[in-house]
Amino acid sequence: MLTSVPLRRFSWRTGQEHRPGLECLVSTGRQHGFESLAERRLLLALDFAGGVSEVLSQPFRLRFTAEKGPGEHTPDFLVLGAGGGWLLDVRPAGRIKPEDELRFASAAQAAVAVGWRYAVVTGWRRHVMTGIDTLSSRRRSMSDRLGLEQQLLAGVQERPRRFVDLVEGTSLPAVARAHAIHLLWHRRLAMDLAQPFKDATWIYRAGAGDG
């Protein structure tokens, strides 16, 4: 069984500038530490993307030697899944300094050496994280005794529907809203995440349209 202990503890204290915490992922069934809201957003996006079997926070400390001497770097996450491994760092684009670029380049070389891919997450397109955060409210398992999910799936089988029209076309619209969001999170329904999620949002069957 794969185990890992983060190199630093995710502590809380009065007056600290960053926002650490724990995020529970449906993909792994457990909580994962983050040191900032930007890191939390990445964890949420990974959970939504699916195909993730393990996420390790601050998996190791990388020591390297550059032209100006030795240095070290602790990547933010190692993500494992059916498609292989991703080593990820999180840093808003406007806060990347020259010394960060050196650390990221070293991490990229280390990732290539062991067969992982590497990326620095610098931000998200407008509305993407707002939409994913909304969908995450219904990511847990749900009981569907009224068969509303099948009604929703059938509603977009022939053509896309506006969200409000889709749920209003079911036998119990008020409850169908929650099930529609659940299906969107689990990618059994699809939408354009680059647009605000609202009643007028177009909903597609999975694998169709812009979702």
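Scanning region 38-72 for residues that are in contact with a strand residue (DSSP E or B) (Cβ under 8 Å, 6 or more places away or on another chain), among the charged types (D, E, K, R) and surrounded by fewer than 20 Cβ atoms within 10 Å (Cβ to Cβ) returns Glu54, Arg61, Arg63, Glu72. Note on region 73-103: among residues that are of a type in the set (D, E, K, R) and within 18 Å of Val114 (Cα to Cα), the one that is most open to solvent (accessible area, probe 1.4 Å) is Arg103. The set of residues in region 156-206 being closer than 26 Å to Arg145 by Cβ, β-branched (Val, Ile, Thr), in contact (Cβ under 8 Å) with a residue 24 or more places away in the chain and assigned to a loop (DSSP other than H, G, I, E, B) consists of Val156 alone. With respect to Asp199, determine if the residue is of a type outside the set (S, T, N, Q), modelled with pLDDT under 95 and open to solvent by 40 Å² or more (accessible area, probe 1.4 Å). No; evaluated as a whole, the condition is false for this residue. For Ala180, the conditions (1) within 22 Å of Phe48 (Cα to Cα); (2) modelled with pLDDT of 95 or more; (3) among the aliphatic types (A, V, I, L, M); (4) open to solvent by 40 Å² or more (accessible area, probe 1.4 Å) are fulfilled apart from (4). Val175 fulfils the conditions (1) within 24 Å of Ala38 (Cα to Cα); (2) among the β-branched types (Val, Ile, Thr); (3) modelled with pLDDT of 95 or more except for a single criterion, (1). Suppose we keep only residues that are surrounded by fewer than 14 Cβ atoms within 10 Å (Cβ to Cβ) and of a type in the set (Ser, Thr, Tyr) within region 118-177. Which one would you say is farthest from Arg95 (Cα to Cα)? Restricting to residues being surrounded by fewer than 14 Cβ atoms within 10 Å (Cβ to Cβ) and of a type in the set (Ser, Thr, Tyr), the top hit is Ser171.
Within region 130-144, can one find any residue that is farther than 21 Å from Leu25 by Cα and part of a helix (DSSP H, G or I)? So far as region 130-144 goes, no, none of its residues is farther than 21 Å from Leu25 by Cα and part of a helix (DSSP H, G or I). Among the candidates Val112, Val79, the residue that is of a type in the set (Val, Ile, Thr) and within 16 Å of the chain's Cα centre (by Cα) is uniquely Val79. Residues that are under 15 Å from Gly123 (Cβ atoms) and in contact with a helix residue (DSSP H, G or I) (Cβ under 9 Å, 6 or more places away or on another chain) number at least 1 in the following strands (runs of 3 or more DSSP E) confined to region 35-101: 84-90.
Annotation: Ala110 fulfils all but one of (1) assigned to a helix (DSSP H, G or I); (2) open to solvent by 80 Å² or more (accessible area, probe 1.4 Å); the unmet one is (2). If you go through region 120-129 and keep only what is outside any loop (DSSP other than H, G, I, E, B) and either at positive phi or in contact with a strand residue (DSSP E or B) (Cβ under 6 Å, 6 or more places away or on another chain) (or both), you end up with Val120, Val121. Residues that are of a type in the set (D, E, K, R) and either in a loop (DSSP other than H, G, I, E, B) or closer than 23 Å to Arg125 by Cβ (or both) within region 145-155 comprise just one, Arg145.
The values are calculated or read from the model by the stated rules, or taken from the named source; none is laboratory data. The structure displayed is predicted, hence computed values, not measured ones. Positions of Cβ are backbone-derived with ideal geometry, glycine not excepted, and every protein chain shown enters the neighbour counts. The accessibility values were calculated without ligands, DNA or RNA, using every heavy atom of the protein model including side chains. Shrake-Rupley method; radii C 1.70, N 1.55, O 1.52, S 1.80 Å.
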